[in-house]
Amino acid sequence: MASTIFRVQSHKFSQDNIQTTLVCSRCDEVFSKEFPLDLEGQTIEFKCPVCGAPGEADLPYKSAEEREEFEEDFEEVEEEEGGEEFEEEY
Ligand SMILES: [Zn+2]
């Protein structure tokens with residue numbers, strides 16, 4: 001198993017890919033990387049671009065909020081300003 005973990009510090013979904021900012025648990029460097037949208041929510045293995053250590057990262061799922069942003073189809077408009085979506089990062 002991979003011993004290095006790339007922690008997702010922040011992420012952004014674009015039309016074509018997932019743009020992430022990751023922190024390597026081995027060298028502590030921050031780097032950014034893009035992944036295909038298909039990989040949403042999956043655990044991906046790759047090498048750290050800084051120190052070259054093989055490791056893995058858990059990619060985030062696109063939140064409902066982000067989906068809405070890109071799919072401008074508001075058939076079900078729900079007025080939810082509750083703010084219960086802060087379960088990860090920051
Ligand atoms: Zn590294």
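Coordinate-derived values only; no laboratory data. Keep in mind it's a predicted model, so treat the numbers as computed, not measured. Glycine also receives a Cβ, built like all others from the backbone with ideal geometry; neighbour counts cover every protein chain displayed.
Its relative contact order, with pairs defined as Cα atoms under 8 Å and 6+ residues apart, puts region 4-69 at 30 percent.
Structural size metrics of region 4-69, computed from C-alpha coordinates, are Rg and Dmax of 11.8, 37 Å.
Roughly how many debye, to the nearest 20, is the charge dipole of region 4-69 about its Cα centre, given +1 on each Lys and Arg Cβ, -1 on each Asp and Glu Cβ, and no other charges? Don't skip to the end; give the middle numbers.
Details: 7 positive and 13 negative charges, 57 e Å.
So the dipole magnitude of region 4-69 works out to roughly 280 debye.
Backbone amide hydrogens, once placed in the peptide plane, bring residue 10 within less than 5 Å of 21, excluding anything fewer than 5 places away on its chain.
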